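Okay, so here's the structure we're looking at.
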Amino acid sequence: MPRSVRRMCRCDGLIMRSRSGYFKLGLFVISAFILGVIALLVLGLGQIFQKNTYIETYLDESVQGLDIGSPVKYRGVKVGVVNEIDFVRNVYDLDPDSEEFFEYGKYVYIRINLQRGFGSSSVTGNDAVLEQLIEDGLRVRLAAQGLTGQAYLEVDYLPPDRNPPLPITWEPDVTYIPSAPSAISRLSSAVDNIVEKIDQTEVTQIARDLDRLLVLLADNVEAARIPELTREMTLTLSEIRRTNAEIRTVVGSQEFQSSPQKLDESLSSLSRSTDRLDRMLASNEDQVSETVENLRLVSQDLKELTENAKRYPSYIFFGEPPRPAGAGE
């Protein structure tokens, strides 16, 4: 085959392979584009057919860190996102010349896209149920997410007596849930109250009273004669030391050390004497009884003699008692 023909065949093969590669690349691009469109349609349709509920609330504090798209959580579970943030005076066109413009226009208006609800799908569609939940303490408040400073809205039940709803004079466009002060707002308010009370305290008067107290204390200390008391205390301690030394001398003496032995010997001797006395009484029990009986008779005779001596004194000298008058011989 001539060389020119072979070159033409090679060029035709290269052109065919190049066209085949372009076709495959174009087919891949078209397929990826079609798949992306289908995914967007599926996700978009899911968002379109998703049932969303809108609620609104008003905050009378700074919402620094809260943005559109910030999460809304019910007891830690994400139930929606922030849909709009504005001022009440802009949303409800409050009259600039009215009192409510200056009193309520400063409220921050927040519209919430509630995607999952917070307990029941019929809450926002039933005014009676919603009013009961609000009376039970259902509130929306600003919260901080960790240490990042990112803020979010928290929906929860709080003590209604300590978190009354903000006063409003207009009819909300969508379901309205009252708000409650955030923890940062309450802390700031408490600090402000403390500072205000400190400012109201008469610090100068307190310092003056403290100075007077120190002067009185110094005078009383001087009047207490501290040096004399110290001297007397030193003498007392010296006497206590001497007494302690004497006690140690007595306790350490030989006589005191031998006293327990002598006392034991004395007790032993007394015990032996008692034993001998007991044996002697046991061996002469009859004689002792007779002696005791004789002593009793002698005592009785002495008693009679004493009584007769009291009644008839002459009996002691003459023997027989005098006879009664008129008695015969």
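Side notes on the structure shown:
- Search result, residues across region 67-105 that are part of a loop (DSSP other than H, G, I, E, B), closer than 21 Å to Y157 by Cα and either touching a Gly at 6+ places or on another chain (Cβ under 9 Å) or touching a residue at least 12 places away in the same chain (Cβ under 8 Å) (or both): S70, R75
- Residues of region 168-196 that are closer than 25 Å to I68 by Cα and assigned to a loop (DSSP other than H, G, I, E, B): I168, W170, E171, P172, D173, V174, I177, P178, A180, P181, S182.
- Hits in region 76-103 (condition: surrounded by 14 or more Cβ atoms within 10 Å (Cβ to Cβ) and either under 41 Å from the mean Cα position of the chain (by Cα) or closer than 17 Å to A151 by Cβ (or both)): V79, G80, V81, V82, N83, I85
- Among the residues of region 103-129, those that are β-branched (V, I, T) and modelled with pLDDT under 90 comprise V123, T124, V129.
- Scanning region 218-266 for residues that are hydrophobic (A, V, I, L, M, F, W, C) and at pLDDT 75 or above yields a count of 6.
- Residue among D161, D156 that is assigned to a strand (DSSP E or B), of a type in the set (D, E, K, R) and modelled with pLDDT under 90: D156
- Within region 147-192, if we keep just the residues that are within 20 Å of L130 (Cβ to Cβ), touching a residue at least 40 places away in the same chain (Cβ under 8 Å) and among the aliphatic types (A, V, I, L, M), the residue that is surrounded by the fewest Cβ atoms within 10 Å (Cβ to Cβ) turns out to be V174.
The values are calculated or read from the model by the stated rules, or taken from the named source; none is laboratory data. Note that this is a predicted model, so its numbers are computed, not measured. Cβ atoms come from the backbone with ideal geometry, glycine included; neighbour counts cover every protein chain shown.
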